[in-house]
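The values are calculated or read from the model by the stated rules, or taken from the named source; none is laboratory data. The model shown is predicted, which means the values in this text are computed figures rather than measured ones. Positions of Cβ are backbone-derived with ideal geometry, glycine not excepted, and every protein chain shown enters the neighbour counts. Quick note on the areas: whole protein, heavy atoms, side chains included, nothing else; ligands and nucleic acids left out. Shrake-Rupley method; radii C 1.70, N 1.55, O 1.52, S 1.80 Å.
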Amino acid sequence: MPLKNLFKSLPLVNHSLAYNPSIDGLRGVAVLLVVIFHIWHEVFSFGYVGVDIFFVLSGFLITQIIYQKISRNAFSLKEFYRNRIRRIFPAVILTLLAAMIVGNFFMLISEYNNLGKHIKSSALFYENFRLIGEVGYWDKDASLKPLLHFWSLAIEEQFYIFWPFILIILFYAKNNFNIKISISLSLICALLFILPFFLEINKFYHLLSRSYELAFGSLAFVLAKEYKKLRAYLHIYKKFIYIFFVIAILTSINNTEYNAFKTLLISLASCALIISLNREKQSRVFANSPLVFLGLISFPLYLNHYAIISFCHILGIDISAWRGVLVLIICVFLAFLVYRFIELYARAQKSYVFA
């Protein structure tokens with residue numbers, strides 16, 4: 001079977017939304033940036049911004065799901081969290097179990113005890129708070145923490161706890177006081193961006209430092225929904241949006257610390273691109289088969305790649321150029337297996353008992 005046909009033959013999960021391959025292609029770009037950053041960080045020093053793209057995408061898609069349900073008076077918190085569990089937990093449980101088993105064979109007792117603490121905080125989605133005061137994202141010792149990448153997943157899950165309630169309140173304000181949701185969300189985004197400058201909090205790992213990125217994704221959906229001309233306008237000038245997106249990524253070359261304004265730039269570029277892609281579902285750039293394939297397996301790929309790379313460092317295995325390619329192939333293959341035989345099954349289950 002030709003490689004292109006193999007990519008196209010990958011089954012799709014049941015989506016709450018109309019399927020958009022271009023969005024999955026953007027997911028593929030985001031996860032590829034993160035993976036190549038962790039393998040060849042000296043060459044692809046800007047790749048960490050893939051996480052910021054993920055944040056904006058998550059905010060966009062989650063708001064789209066909630067917005068459409070609330071609009072039809074069909075939103076259910078119980079159903080929402082059931083779907084999050086089906087989406088997140090199977091691959092998370094598998095990754096944590098694998099880390100526990102591998103760590104048992106190759107770690108010292110003190111290291112393994114510390115890994116146990118991180119397994120607990122990763123399973124309960126507060127790994128970002130555990131890492132505050134332990135290790136910085138760019139610190140040399142960060143590569144020796146197999147679950148360090150769970151910080152971003154923790155932030156997303158924490159965001160999902162309160163965001164549905166905020167959207168319900170905004171709908172109430174819209175229906176009872178005629179306040180546009182786009183205006184309310186714009187104010188919330190501005191507040192969430194400004195607030196960390198006045199708080200003594202960790203600017204990289206803390207929920208309050210990152211919530212604005214997901215909120216910007218939410219605002220992007222609402223703007224596209226309320227102002228259809230904006231979506232058409234961005235689509236017309238999509239080439240400039242693509243250039244803006246690339247420039248926003250490249251501004252982070254050789255960056256070794258969190259920069260709020262560079263992060264804001266990639267967030268805004270991602271918002272503009274997502275709005276454009278939401279209109280153009282078959283983008284020649286983003287809807288190509290390899291990127292869509294990576295987008296489909298992006299979640300298990302994100303979870304497994306850093307754990308594998310970290311255990312290589314722990315075992316003293318140098319990930320040189322050719323070994324990096326081998327690691328990448330292994331990570332993609334394992335992610336494909338998890339998506340094909342675990343994620344597809346789990347996301348097809350509608351039972352609350354299963355969740």
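Per-residue ellipticity at 222 nm for the chain, helices alone: DSSP H runs ≥ 4 residues times -39500 (n - 2.57), over residue total, nearest 500 deg cm²/dmol?
On the way: 16 runs with 249 residues, N = 355.
-23000 deg cm²/dmol, from helical runs alone.
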(request) Rounded to the nearest 0.05, what FRET efficiency do residue 41 and residue 236 give with R0 = 56 Å and r taken as the Cβ-Cβ distance? Could you check? (result) 0.90
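Using only alpha carbons, build the gyration tensor for region 28-147 and give me the equivalent ellipsoid semi-axes, biggest first, whole Å. Present the calculation step by step, with values, prior to reporting the outcome.
On the way: eigenvalues 192, 87, 30 Å².
After scaling each eigenvalue by five and taking roots: 31, 21, 12 Å.
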(message) Using only the alpha-carbon atoms of region 95-138 as identical scatterers, what base-10 log of I(q)/I(0) does the Debye formula give at q = 0.15, 0.17, 0.29, 0.30 Å⁻¹?
(response) -0.38, -0.49, -1.05, -1.07
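Under the 0.36 nm per residue contour assumption, what length would be gained going from the current alpha-carbon distance of residue 342 and residue 168 to full extension?
On the way: separation 174, 0.36 × 174 = 62.64 nm, distance 3.27 nm.
The span from residue 342 to residue 168 would gain 59.4 nm if fully extended.
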(request) Report ³J(HN,Hα) in whole Hz for each residue of region 67-77, in order, from the Karplus equation J = 6.51 cos²θ - 1.76 cosθ + 1.60 where θ = phi - 60°; Gly and Pro get x. (result) 4, 5, 5, 5, 4, 9, 6, 10, 7, 9, 4
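Roughly speaking, to the nearest percent, how much of the chain's 1.4 Å accessible area is carbon and sulfur?
Details: 11130 of 16870 Å².
Looking at the chain in its full context, I get 66 percent from C and S.
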(message) Restricted to Cα positions, what overall size does region 272-342 have along the principal axes? Three whole-Å values, descending.
(response) 47, 28, 19
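Roughly speaking, what is the stretch gain from residue 177 to residue 123, that is 0.36 nm per residue apart minus the C-alpha to C-alpha distance, in nm to one decimal? Spell out each step's value before the answer.
On the way: separation 54, 0.36 × 54 = 19.44 nm, distance 4.08 nm.
So the chain would gain 15.4 nm between residue 177 and residue 123.
List, in the order given, every pair from 140/203; 69/239; 228/350; 229/350; 203/239; 203/225 whose Cα-Cα distance in the structure shown is over 28 Å. The partial results should precede the final answer.
Working: 140/203 19 Å; 69/239 33 Å; 228/350 34 Å; 229/350 37 Å; 203/239 33 Å; 203/225 31 Å.
Pairs exceeding 28 Å: 69/239; 228/350; 229/350; 203/239; 203/225.
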(request) Would you kindly state how much longer the chain becomes between residue 254 and residue 76 on full extension, computed as 0.36 nm times their sequence separation minus their alpha carbon distance, in nm to one decimal? (result) 59.6 nm
(request) With only Lys, Arg, Asp and Glu charged, each at its Cβ (+1 for the first two, -1 for the last two), find how big the charge dipole of region 216-355 is about the Cα centre; round to the nearest 20 debye. (result) 720
(request) For region 30-50 and region 230-264, write down the distance between their C-alpha centroids in whole Å. (result) 16
(message) At 1.4 Å probe radius, can you tell me the per residue accessible area of the chain in Å²?
(response) 48
(request) Determine which aspartates and glutamates satisfy two conditions relative to residue 262: a Cα distance under 15 Å, and not lying fewer than 8 residues away in the same chain. (result) 52, 213
(request) For region 113-120, take each phi angle, set θ = phi - 60°, evaluate the Karplus expression 6.51 cos²θ - 1.76 cosθ + 1.60, and give the result in whole Hz per residue in order, putting x for glycine and proline. (result) 4, 5, 4, x, 5, 6, 5, 4
(message) Loop-only trypsin sites (Lys or Arg not before Pro) in region 308-350, please: DSSP not H, G, I, E or B, and at most 15 other Cβ atoms within 10 Å.
(response) 350
(request) Enter the angle in degrees (range 0 to 90, nearest 10) between the Cα long axis of helix 207-226 and the first principal axis of the Cα atoms of the chain, meaning the one along which they spread out most. (result) 40
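How long are the three semi-axes of the equivalent ellipsoid for region 88-185, computed from the Cα gyration tensor as the root of 5 times each eigenvalue, in whole Å, largest first? Intermediate values should be presented prior to the final figure.
Working: eigenvalues 296, 42, 16 Å².
Semi-axes, largest first: 38, 14, 9 Å.
Under the Kirkwood approximation applied to all pairs of distinct alpha-carbon atoms, what is the hydrodynamic radius of region 169-261 in Å? Write down the numbers at each step before the final one.
Numbers: mean 1/r = 0.0646 Å⁻¹.
In region 169-261 this quantity evaluates to 15.5 Å.
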(request) Over the chain, consider all pairs of different Cα atoms and compute the Kirkwood hydrodynamic radius from their mean reciprocal separation; express it in Å, one decimal. (result) 21.0
